[in-house]
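Chemist: Structure provided below as structure tokens; questions to follow.
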Amino acid sequence: MVRDQSPLTACCWAAVLVLFFSGCPQWLFPPLQVLSCSLEEGGLHVVFSAAPAEISIHKAFSMTEDGQALEGRFVFEGENLWFYPVNGIGENREYMVIIGVIAEDHRGNSLAEEYRRDFFTRAEREAPGIEAVIPAEGSTLTQTPAEIRLSFSEAVDPPSLEEAMKISPAFPYVLQWEADYRELLIRPLKPLDFGKRYTISISTALRDRSRNNMVLPFTSSFFLEGGRFSPCFSLEWAGATGTGPLSPDVVNRGLPPDAELQIRFDMEVETEMLAGFVELQPSLGISITTERGSRSEAAIHVARQPEWGETCTLIIRKGITAIRGGKTTEDLAYSLVFDAAECMPPEFIKGFFRDSGQVLSQETDFDYLNLDVLEFPPTQTAVAADMCLVFTIPVAASSLSLSSAMTAFSITPSNSCAYISIKTLKILDEDAYRLSGFNDPLLEAGTGKKLCALIYGLEIENTENQGLIVFSIASSLEDSLGNQLGEDIKITWNKQ
């Protein structure tokens with residue numbers, strides 16, 4: 001049986017259906033939501049209001065590190081999503097997570113609006129700044145600065161500074177950091193040019209240790225005013241063992257004989273004319289060289305190496321001319337003593353024949369050598385005997401050189417008065433010498449020196465002939481530092 005429905009009833013049912021399909025989905029089919037999003041060890045954890053559809057998440061999800069898109073691995077478990085970047089989560093970084101509205105759950109419910117979230121792993125987020133610069137902005141200088149100093153509000157990242165900084169006009173320099181990277185010294189390698197404005201620019205690429213970039217670029221400049229100024233210079237010596245300053249007001253000791261003298265001016269000068277203003281007394285001969293492209297530095301070479309302990313006077317006369325005008329105004333004299341302790345040559349002190357029985361020294365030249373016939377019978381029988389030669393060497397040396405000692409000592413008899421050959425050699429330091437049978441307690445090495453002894457084992461065949469026996473020590477004898485005796489020593493004995 002079919003019942004007729006009144007028009008009013010039909011309208012009521014139509015209204016119900018409209019309400020059902022238009023308003024009810026808000027609670028029957030709620031949109032997908034992001035309930036939480038957080039960084040965890042090695043990755044990102046997202047919790048949704050419903051289990052997300054994996055394919056939609058792959059399309060809707062993105063994560064950047066300092067503005068660069070990250071690749072990574074997704075892990076899904078119910079309402080949970082984990083994203084693990086290839087290189088994990090880094091320190092001092094900025095991350096952005098975006099999940100687009102195309103993300104949906106398994107019923108097709110999408111995000112109502114795009115989800116965004118920022119994360120920071122930096123210890124702090126305050127941007128660095130430059131608090132002071134020397135020379136000051138806009139200053140005018142009359143002398144070339146030895147350094148340019150920048151002071152930062154906090155410790156900065158040195159590589160980012162080198163990327164961010166530009167100096168115009170360019171000049172060669174070295175950087176020196178101080179105060180735990182809060183102070184920077186820019187040291188020019190040569191004097192700056194007069195009549196030019198120098199500008200230091202630092203871009204926002206400058207970062208602190210937390211990777212916070214400087215907010216605004218920095219610029220500062222100073223003008224190096226030209227003019228006629230008297231050049232000033234400094235002088236120092238340089239050798240294989242080190243370097244040291246030289247002063248005209250004192251006696252400059254401790255120079256090695258191979259020292260090179262280096263002169264540095266605070267501005268460019270006519271270095272090609274320096275030879276006419278430099279003199280060394282007594283004259284050992286000098287030459288002057290300059291580095292290619294440099295007109296503020298020169299090296300003074302001594303042609304004949306001075307003897308150890310020799311005193312010389314270097315005179316630098318007034319009138320050296322700067323490129324931009326001005327001249328040095330006074331003569332300066334430098335007293336130089338070439339007596340570096342480590343360069344002190346070995347010195348022969350005394351020799352002993354057969355356990356201190358007979359002394360060999362410069363004072364005993366042409367003394368009589370008594371080869372007792374009871375000990376050294378004039379036959380073909382070889383008799384063993386020792387010869388001890390005592391030297392002083394620098395404290396810095398470890399010993400005399402064994403190889404040079406093997407060739408430096410020789411014995412030459414005349415008239416076949418004896419036949420002497422060297423069979424053995426050993427070296428004694430001062431302690432061992434003091435315990436030997438050749439020890440002379442009156443021998444003292446002196447300041448900065450120590451004793452070293454050479455023991456030569458000899459075989460002597462005596463004859464009945466009289467003659468001369470010459471004991472020779474060659475100048476080639478040297479210590480472990482390479483310092484040589486410097487002169488041949490010959491001592492002659494009359495053999496009875």
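Chemist: Checking the condition within 30 Å of Met165 (Cβ to Cβ), surrounded by fewer than 15 Cβ atoms within 10 Å (Cβ to Cβ) and touching a residue at least 40 places away in the same chain (Cβ under 8 Å), which residue from Glu41, Glu137, Glu131, Glu91 passes?
Modeler: Glu137
Chemist: While we're on this one: Assuming Leu442 fulfils every condition listed in (1) within 28 Å of Glu342 (Cβ to Cβ); (2) in a loop (DSSP other than H, G, I, E, B); (3) in contact (Cβ under 8 Å) with a residue 12 or more places away in the chain; (4) not polar (S, T, N, Q) apart from one, which condition is it?
Modeler: Single failed check for Leu442: (3).
Chemist: Taking into account only those residues within the stretch 65-101 that are in a loop (DSSP other than H, G, I, E, B) and under 30 Å from Phe29 (Cα atoms), which is nearest to the chain's Cα centre (by Cα)?
Modeler: Among them, the one singled out is Gly100.
Chemist: Which members of the stretch 471-496 meet the condition of being farther than 16 Å from Pro345 by Cα, part of a strand (DSSP E or B) and in contact (Cβ under 8 Å) with a residue 60 or more places away in the chain?
Modeler: Phe471, Ser472, Ile491, Thr492, Trp493, Asn494, Lys495
Chemist: Checking Gly309 against (1) on the phi > 0 side of the Ramachandran plot; (2) buried (at least 18 other Cβ atoms within 10 Å of the Cβ): exactly one of these is not met. Which one?
Modeler: The number of the failed condition is (2).
Chemist: Any idea which of Thr219, Thr204 is in a loop (DSSP other than H, G, I, E, B), among the polar types (S, T, N, Q) and surrounded by fewer than 20 Cβ atoms within 10 Å (Cβ to Cβ)?
Modeler: After applying the criteria, what remains is Thr204.
Chemist: Is at least one residue of the stretch 259-279 farther than 22 Å from Ser230 by Cα, of a type in the set (A, V, I, L, M, F, W, C), more than 31 Å from the chain's Cα centre (by Cα) and at pLDDT below 95?
Modeler: no
Chemist: Sort out for me the strands (runs of 3 or more DSSP E) sitting completely within the stretch 102-200 that have 3 or more residues that are modelled with pLDDT of 90 or more.
Modeler: 115-120, 130-134, 148-152, 165-168, 173-178, 183-188
Chemist: Report yes if some residue within the stretch 412-426 is closer than 30 Å to Ala341 by Cβ and among the charged types (D, E, K, R); otherwise report no.
Modeler: There is at least one residue in the stretch 412-426 that is closer than 30 Å to Ala341 by Cβ and among the charged types (D, E, K, R).
Chemist: I would also like to ask the following. Under the condition of being under 32 Å from the mean Cα position of the chain (by Cα) and farther than 14 Å from Glu260 by Cβ, which residue from the stretch 280-306 is surrounded by the fewest Cβ atoms within 10 Å (Cβ to Cβ)?
Modeler: Arg292
Chemist: Here is a list of conditions, (1) assigned to a strand (DSSP E or B); (2) over 16 Å from Ile393 (Cβ atoms); (3) under 50 Å from the mean Cα position of the chain (by Cα), and Ser436 meets all of them except one; can you say which number that is?
Modeler: That leaves (1) as the condition not met.
Chemist: Could you tell me how many of the residues in the stretch 459-488 are crowded, with 19+ Cβ neighbours inside 10 Å, out of contact with any helix residue (DSSP H, G or I) (no Cβ under 7 Å at 6 or more places or on another chain) and either closer than 22 Å to Ala382 by Cα or aliphatic (A, V, I, L, M) (or both)?
Modeler: 5
Chemist: Note down all Cβ pairs under 8 Å where the first residue falls in the stretch 324-337 and is without any contact (Cβ under 8 Å) to a residue 24 or more places away in the chain, the second is part of a loop (DSSP other than H, G, I, E, B) and surrounded by fewer than 16 Cβ atoms within 10 Å (Cβ to Cβ), and they're at least six residues apart or on different chains.
Modeler: Listed by first residue and then by second, the contacts come to Glu330/Lys318; Asp331/Arg317; Asp331/Lys318.
The values are calculated or read from the model by the stated rules, or taken from the named source; none is laboratory data. Predicted model, so just to flag it, every value in this text is computed and none were measured. Cβ: placed from backbone, ideal geometry, glycine included. Neighbour counts: every protein chain shown.
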